Each structure stands twice: as C-alpha cells, then as structure tokens.
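The structure under discussion appears below in the form of structure tokens.
Derivation of every value follows stated rules applied to the coordinates shown; laboratory data play no part. Predicted model only: the values in this text are computed from it and were never measured. Virtual Cβ from ideal backbone geometry, glycine too; neighbours counted across all protein chains shown.
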Amino acid sequence: MKILLALSRAVDQMSDWIGRHVIWLIFASVLISAGNAISRKVFSASSNAWLEAQWYLFGAAFMLGAAYTLKENEHIRIDIIYGKWSRRTQHWIDLFGHVVFLLPFAALMAWMLYPYMMDAIRSGQISTNASGLIIWPARAILFAGFVLLVLQALSEAIKKIAMLQGLMDDPHPHQSAAETTLIHVEELTGQSAKDTAK
Amino acid sequence: MMELIAQNFAPIMFASLIAFLLLGYPVAFSLAANGLIFFGIGVWLAPFSEGTITLDWPLLFSMSQRLFGVMSNETLLAIPFFTFMGIVLERSGMAEDLLDTIGQLFGPIRGGLAFAVILVGALLAATTGVVAASVIAMGLISLPIMLRYGYDRRIATGVITASGTLAQIIPPSLVLIVLADQMGVSVGDMYRGALYPALILAGIYMGYVAMIAIFRPHLVPALPPDARTLGGGVTSLLVALAGAGAVGFAAHRAFYDAWGTNADVLGGLLGVVAVYIFALADRGFKLGLLSRLASQVIMVLIPPLALVFLVLGTIFIGLATPTEGGAMGAVGAMLMALAKRRLQMPLLRQALTSTLRLSSFVMFVLIGSRVFALTFYGVNGHIWVEHLLIAVPGGVYGFLTVVNIIIFILGFFIDFFEIAFIIIPLIAPVADKLGIDLIWLGVIIGMNLQTSFLTPPFGFALFYLRSVAARVPYLDRITGKNIEGIKDFRNLRGGCSVYLFASGDDCGCDRLSKDCYALSRRDHRPVHGGDHYSLFATFGRDKFGQLADFGRAQDHTLTAPI
C-alpha cells in the first residue's frame, strides 16, 4: 500500500503541476481569438492557422486539465441521493465508479486514440483548411489527456482504498451546492460565511 | 426473452442511464460508461433485435473522430471566454460601483432602489453573465439600504434574486450558447431571439415595481434626502443624455445609408462615447457643467455599456462571431479591471483556474454524452423518443407542454449543462419535425432553465442571497423567510405568461411574447435556513467604499456592531 500511495502522490503532483500551467493556454487562447477578430476586421487579414490555434490551445487546456479537475473533485455530480449517504458510502461509490466507469472508459479511449495519433504522425497530415496547422499535435493532446485521466483514476482509486482503510484523510470532502456557494461567497468577500450563518 | 430485451433496448438503456446518474458518480464518466457498457451488450444482442440494433465494433472506432470533433468545436470556445470574462468582472468591483451610483440616481423616487437593482441586474447580465456576482453584490449593497429605509423585505429579496437570474437569459449567457450548439442553430440568432424576451422580462419586473409604488407606496419608500450623498442635479444629467441622444440620432441618420440597420448600434455607440468624453472633459477641466451626480452616473455607466457594445454589439452587427465577441469581452474586462487596478496576478490565476475547471467538466460532460449518443442512436433510441413525443396528445402544444414540464422537473435536480447535452439532442429533431422554430424553442427552454437558478436544491440565487444576507445584520429578526420574496415575482410572471401564451397561437411570428409561459408552472420551495439576523444596520458612504473593495479587502467588518 505504501508503494501505491507513493505512486498516487506522484501522479497527483504531476496533475497538479499540469493543472497549474495549462491555465495559461486558456489565457493565450483568449488573446489570440481577440487578436484574430481585430486583425480580420481592421486589417482584413486572417489566417486559418491562427484560427485553429484558438481551439488547439483550449483543447489542450481542457483535455490536459481533466485529470487535475478530477483530482480536485470538480467534475459535476448529481448529488440528490449521493449527498445523503455517509462519507464512507460515498467513498465506496467513488471507488466503484473509478474502477468500473472511469478506468475502462479512459483506457479504451486512450487505446483507440493511439493508432489515430500515430496515423497522423506518420502521414504528416495537415488540416484541410488552407494553410491550416498540422493535425497530429491535436490528436496527441487527446491521447495524452486520456492517458493522464487513466493515471489520475488509478491514483484516485488508490486514495479511496486508503481512505476506506483509514490510512489517510479526505482531501476533498463532498460539498453540497449550498456549501459550495458559501465558499464562493467567502472567496469573494474574504469573510467566513459559515461563522455568521450558523 | 433475448428478443424482448433486444427490441426494447433503448428504453432499458435510458432507464439504466438514470440509475447510473443517480448513483452520484461524476456525470461525464457515468454517461460514457453507460454508453460503452450498452455498446458491448448491444453488439451481442444485435442478432436478436430484428434490425433495431445497428451496432458493431468498427462503429466504436468512430469515437476518435467524434472526440476530435468535440475538441475542434469553435462555438463552444465561447464557454471559457465568457466564463473568464465574467469572473474577472465579478472581482473588478463594477457591480458595486453601478449599484451605488444608480441607487443614488433613482433613490429619490418611490420604488427607485428596486428599479436600480433591476436595471443594474440587466446590465450586469449583459456583461458578466454570472448570477452569483450580481446577487452577491446586490445582497451586500442594495439589500441593507432597501431594508434600512423600510422596503418590504419580500419585495427587496425578490427583486434581487429575480434580477440576478436575468444573467441566465440575457445574452451572452452560457445557457444560450450551449443550447444553440446542441440544436445546431447559430449562437448569434439565439442571442437575437433571446434579447427581446429577456428585456421584456426585465420590463415586467419594472412594471411590477411601478404598480407597487403606485398602489402600495409604503412597501417601496423613497430614500430620505439625507441619504442622497451625491446630491441632486438630475437636470444636467438629462441634458447630457439628451445631447448623447442627439449625437446618436445624427450619427444614425448619417450612417443609415451605408450601414442599414447596423446604424442603430453605431449611432448608439457614438452618442455614448460623446457623452463620456464630455463628462471626462467636464471633470478634467473643472467646468462644472455637470452636477456631481450626473458626472458620477456617466463615468460609472459608460464602461459597462462600452463592454456590452464590444460583446453584443459586434455580434449583432456581424462584426464578430460569438466566440470572438467573448474573447474581446474578456480582453475588455481585463482592461477595465486593469484600469481599476484590480487585475493582479493572483486574481488572474484564480480566474483562469476557475475557468479551466468549469471548461473541463463541461467539455467532458459533452464527451460523455457523445459516447452515450453513439450507442443510443445505434439502438434507434432517437426513434423511440420521437415516437413517445409525437404520441403526446395535443400536437405542438402537447409536445411543448410535456417537454417543458420534463425540463422543469429535471431543473430541480441537475443543472443545465447535463440537460442541454443529454435531453436537447433528443428533443430538437422532433421539434423540428413538428415545425417548431428551434430558436424559439431554445429561448423557451432557456427561460425555463433560468428558473433552476431560483429553485432548490440548485437554487443558486437563493443560496447566494441567503449567504450574504446572513452576514449583513438587519433591524428585523428575519428568518429564512425573506427568500419568499421570490414568490411575488413568480406569481407575477406566471400570471402574465399564461396570458401571453394563451393569446399567441402562431409559433414562428412573435416568439418574444410567449416564451415566459414556461415560468408559470414552477412552484417554489423556500430555502429554510435557521439564520438569525441580529440588529445594527448602519450603512454609510464609507461602508460602500469598503464594500466596493470586494475581492481583495480582508478587513471590512460587515458583521460588527456599529
């Protein structure tokens, strides 16, 4: 278990590092998109390469950020029933989901995307738009995103087992929508809403 | 037995999807897993199905191409852009400045504060599009003032939550983008379709407040003179506005030949810019032509109006796609925050991180729903849904009623991204077959989904208001009750919309008048909070100043007795 937890920590750190850095791809995408709009209208100059760069960047951000989002427990759930279970039952549901739902799905997608990516690398395929970008990096991003998701799912499953055995604390307890809201308000106002709203 | 299962595969799959989702595991992966598991079973059962199941393993490999399609979807790029823009504005203090100033402007008339809240709510909706931001700002700034000067608390809270949720339906709302994408119509058209209904809704709110001001004046009193810290001077503001109108109209006439209807937007822009430059000059050279109030109103109002033009104006006149509009709005919001010196590194990082998380979960719900759809269509699920919906008695109206009730009930439990990605693709083709204008349907559904922000357990607007109201002390010992204020608005909207729905029978022509009917059928369960509000409510100018610091100030002490 120790080795597994060490592995899980390593994966978490990687996801975290990636999550903290891919946000700048969104920033770049915003600037490029605004730049595209302005250059098209003001200078009547537009380039498919720059247009495609917008979604390349955003695609990279959300694909590579998916593992980070999973780690932060931010993928949305329907919690009308889930929210009523004990934390222990929630752990079991999550463990079940990680192993039965997420791992097979992410692994299958990664397995399917590998030849899809290699195809594009070998043929050096270029986007069908005139002067578009080469295609393989986009496919590589899809592949990488699912590989990261597989790793993060493994890490989450390990952590869930550890939590069920009482070996570690819960880093991201489930929050109901009301709790999430209170935290958001706290962030905005810099005050503890819970203290006053008891 | 096998045959029975194979031939009823779509209903079984759909029922099990509901079970999968209710389990509470993240929606994106539950959807995908449901699709994959049933894909496997479907391939195995296909020989027994007499042709209803058309799945085979090679089909699964088309997922790669579909994933690529999700990633290269340019419409959905607008989601991160508008989200980022909203978060930056949320922390830029714009809402606080607006509420403060517009409240001063309208305060002296009965119901004025409520008008100000609705106006600012609509303006915030057209820029930030974030319900939380509007409701929190209003709850912190306007609510204490309204209650302090004797507003009925149900009206005060009702106005705030209702105005805050306008963000869901006034363009550029994310709801409309996702709906347009899933229905396969243009986002620009969806925005155009939603604009007037949304404005009518805001107008109805105002009409309601006006009626109360006339018939029940004690519920919405005017601000006493000593609360008007910016002084009077409405005349100079009116003169300035008339000047702006004249410039705008002249520009409109000048541009009309060359630009056609786009001259509206351009003329408006010129008028606004002219008055802003005038106000700047007046302030810079101390000409004293404008009163303090007038100058303040113009200075505060123009930047958000410019942002609205930058985003919506450019989209409406076709200068920019909604995605580009979002990007320019995001840049504009950053410039505004920069001008107010609110754009520091931690804020930027935080805004981008929130944007990343939201985009990631939304896009993965979409990916999951694509996997689900691959199987569901392969087992002719869409035909099953179509038969079900067409079998509804009452033709078009029966269909609309059923669809809206379903979406309305779903809105209690799940938020609109799931509804949009799972339900809309099933409904849209049927609606199209029945000859329903998809944009009109989209606006109706948008209005319907908007109410999910007013409805527990996802009644975010209520949560937000409650959490800020709880920290602001009031004179009255109000309990969770104050949230009931929404009831007033619900009843009002319900009544009017039923009338409007009944009076219009042509689906295509005046889509604007009918769309709020969906709102009529939502009952309201108040949020019960055992919140205890203690006394002391003194809010002066300095307090506003501190409140406006929102987002970085750590030291303001709203809860401290004064």
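Give the average, rounded to an integer, of partner chain Cβ atoms located within 10 angstrom of each Cβ in A:106-118. List each step's numbers first, then the result.
Values: counts 2, 0, 6, 7, 0, 0, 6, 4, 1, 2, 6, 1, 0.
Mean partner shielding for this stretch: 3.
In terms of the Cα gyration tensor, with a ≥ b ≥ c the square roots of its eigenvalues, is chain A rounded because a/c is under 1.5, prolate because a/b exceeds b/c, or oblate?
Working: a/c = 2.82, a/b = 1.48, b/c = 1.91.
Taking the square roots of the gyration eigenvalues as a ≥ b ≥ c, chain A is oblate.
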query: Going by the alpha-carbon gyration tensor, a ≥ b ≥ c the square roots of its eigenvalues, is the range A:87-182 rounded (a/c under 1.5) or, if a/c is not under 1.5, prolate (a/b greater than b/c) versus oblate?
result: prolate
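Under the definition of partner shielding as Cβ atoms of other protein chains within 10 Å of a residue Cβ, what is the mean value for peptide A:20-29? Write out the running numbers ahead of the final one.
Working: counts 4, 0, 4, 11, 4, 3, 11, 9, 0, 6.
Mean shielding by partner chains, rounded to a whole number: 5.
For B:Val234 and B:Arg349 in the same chain, what is the full-extension length gain: residue separation times 0.36 nm, less their Cα-Cα distance, in nm?
On the way: separation 115, 0.36 × 115 = 41.40 nm, distance 4.17 nm.
Length difference between fully extended and current span is 37.2 nm.
What ranking of A:Tyr68, B:Tyr256 emerges when the number of other C-beta atoms within 10 Å of each C-beta is taken as an exposure proxy, fewest first? Intermediate values should be presented prior to the final figure.
Details: A:Tyr68 26, B:Tyr256 15.
If I rank by nearby Cβ atoms, fewest first, I get B:Tyr256, A:Tyr68.
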- prompt: Which ³J(HN,Hα) values, rounded to whole Hz and listed in residue order, are derived for the range B:84-97 from phi using the Karplus coefficients 6.51, -1.76 and 1.60 in 6.51 cos²θ - 1.76 cosθ + 1.60 with θ = phi - 60°, glycine and proline given as x?
  reply: 4, 4, x, 5, 4, 5, 4, 9, 8, x, 5, 4, 5, 4
statement: Of B:365-378, B:51-64, ordering from highest average Cβ density within 10 Å down gives B:365-378, B:51-64
query: Which FRET efficiency value, to the nearest 0.05, do you get for A:Tyr114 and A:Ile183 by plugging their Cβ-Cβ distance into 1/(1 + (r/R0)^6) with R0 = 41 Å?
result: 0.55
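Show that you can apply the helix-only estimate: for chain A, add -39,500 (n - 2.57) for every DSSP H stretch of four or more residues, divide by all residues, and state [θ] at 222 nm to the nearest 500. Before the final figure, lay out the partial values.
Details: 8 runs with 147 residues, N = 198.
-25000 deg cm²/dmol, from helical runs alone.
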message: Taking a virtual spin label 7 Å from the Cα of A:His21 along the C-beta vector, which residues in the range B:356-375 bring their backbone nitrogen under 19 Å of it?
response: B:356-357
- line: Under the rule rounded for a/c under 1.5, else prolate if a/b exceeds b/c, else oblate, using alpha carbon gyration tensor axes a ≥ b ≥ c, the range B:321-379 is classed as oblate
- request: Pull up all non-local amide H partners of B:Thr54: gap of 5 or more, or a different chain, and H-to-H distance under 5 Å with H placed in the peptide plane.
  value: B:Val379, B:Asn380
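Among the trypsin sites (Lys or Arg not before Pro) within the range B:255-322, which fall in a DSSP loop and have no more than 13 other Cβ atoms within 10 Å of their own Cβ?
Numbers: sites: B:Arg283, B:Lys286, B:Arg292; in loops: B:Lys286.
Passing sites in the range B:255-322 are B:Lys286.
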